[in-house]
Amino acid sequence: MSIHLITIKAETEKDIQRLRFTAMAVTKALDLGTFAQTRAVTALLEAARNAQQHAENGRVRLSLTQENGRVALRAIVTDQGSGIESGAAPSPTDRLVVPGLGLGLKGLGRLADQHVINTGSEGTEVDMLFMSHTRADELAEVAARVTDAIASIRKSDPLAELEEQNRVLIEALNERDLMMREVHHRTGNNLALIGALIRMSRKDAELEETKSILGDLEQRVQSIIKAHEQLQKSARVDRLQARPFLEDIARNAEAAFSSDALKVDVCVEGEDPEISASMAIDLGLLVGELLTNAFKHAFVGRSEGVVRVHIQEEADEIRLTVKDNGRGLRQEDERPERSGSLGWRMIRSTVGKYAGTLEVDGSDGLSVAFRLPLADS
């Protein structure tokens, strides 16, 4: 049976001092003799300082365990350094022979009752055991006493404890960001594979209608891919700047639909608000869909055209407008906002998701304007 007590970083001089006070309190609560306390504290500091000075991400994990019918203090000091270089002979008391030991580590055999050192290119682990005279069946009682001793140290220096808590929080956030970047990377790769399969199917398709449907699907997938690419580059993995993202969507549409017979310039204008990841994906789909429609329907009989994408943050909402200088809407044309097509159903559904508004003006080209509350993003 083992009971975890505390894990302390070994990255700064303050960490080493915190370990010193903690180790003194723990060994005293274990009723170790004065000489045994000194041995244990010295061994812990030697191993931790080695990690702090020569490696990265040093950690000291203290726990209570049972060994040969007695309670023992177990200390595991780990780091993510390059390992201990060879060149020094290990002590005869080392249970595990390693290529070489730092000067501070060579004396651990004389300080700890048991110790094992594992080292390699991925880091070093020093596992030490310090025996007490307390019977093993008193482990729970001893653990309570030691835990109280650790708690008293924390109370005596609340600023240091708050600093440690803040550092742990920052580290957790950094780890989360790293994980989220990996998620965006893997998602983008998977979507890129899907996009490639759609593209291959479109090339092999014989019917123009099938090619058109697959082309639209590929554009929707590309819009989501662009969102994940921008999220990977963003300073915050859950938010991104809107302008660079929409510019990517615009360039992608130009590359996909422009031809010798039709040249359309897509201009992204306005502000550069920071938006959430989910809103970015939705805006990418909205803009991608409207650009696809513009290329297909706005410039019939023409060889060139312009589409302007304008984004602006107003109070607590995003205003996004996609406007072309094409043919606009005629009296006999179906109102697009009431269209039963998949694309317009998706547009209406996305706007409804944010409880936003949609305005369509076909008097001078086609202008589609959205107002999407940021509070729901």
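Sequence-ordered 3J(HN,Hα) estimates for the range 64-76 from the Karplus curve with 6.51, -1.76 and 1.60 and θ = phi - 60° stand at 9, 9, 10, 8, 6, x, 10, 7, 9, 8, 10, 10, 10 Hz, glycine and proline given as x. Sites listed here are GluC sites (Glu not before Pro) in the range 256-339 whose DSSP assignment is loop and whose Cβ has at most 10 other Cβ atoms within 10 Å: Glu332. 3J(HN,Hα) along the range 338-347, derived from phi through the Karplus expression 6.51 cos²θ - 1.76 cosθ + 1.60 where θ = phi - 60°, amounts to 10, 5, x, 5, 4, x, 6, 5, 5, 4 Hz, with x in place of Gly and Pro. Can you bin the range 302-377 into rounded, prolate or oblate? Criterion: square roots of the alpha carbon gyration tensor eigenvalues sorted a ≥ b ≥ c, rounded for a/c under 1.5, prolate for a/b above b/c, oblate for the rest. It is oblate, given that a/c is not under 1.5 and a/b is not larger than b/c.
Assuming 0.36 nm per residue, please report the length gained on full extension of the stretch Lys211 to Glu141 beyond their Cα-Cα distance. Before the final figure, lay out each step's value.
Numbers: separation 70, 0.36 × 70 = 25.20 nm, distance 7.43 nm.
17.8 nm is the gain from fully extending Lys211 to Glu141.
Each residue of the range 291-304 is assigned a 3J(HN,Hα), and the resulting list reads 5, 4, 4, 5, 4, 7, 10, 6, 10, 4, x, 10, 9, 8 Hz, derived from the Karplus form 6.51 cos²θ - 1.76 cosθ + 1.60 (θ = phi - 60°), x at Gly and Pro.
Laboratory data are not the source of any read-out in this text; all were calculated from the coordinates shown. Note that this is a predicted model, so its numbers are computed, not measured. Cβ: placed from backbone, ideal geometry, glycine included. Neighbour counts: every protein chain shown.
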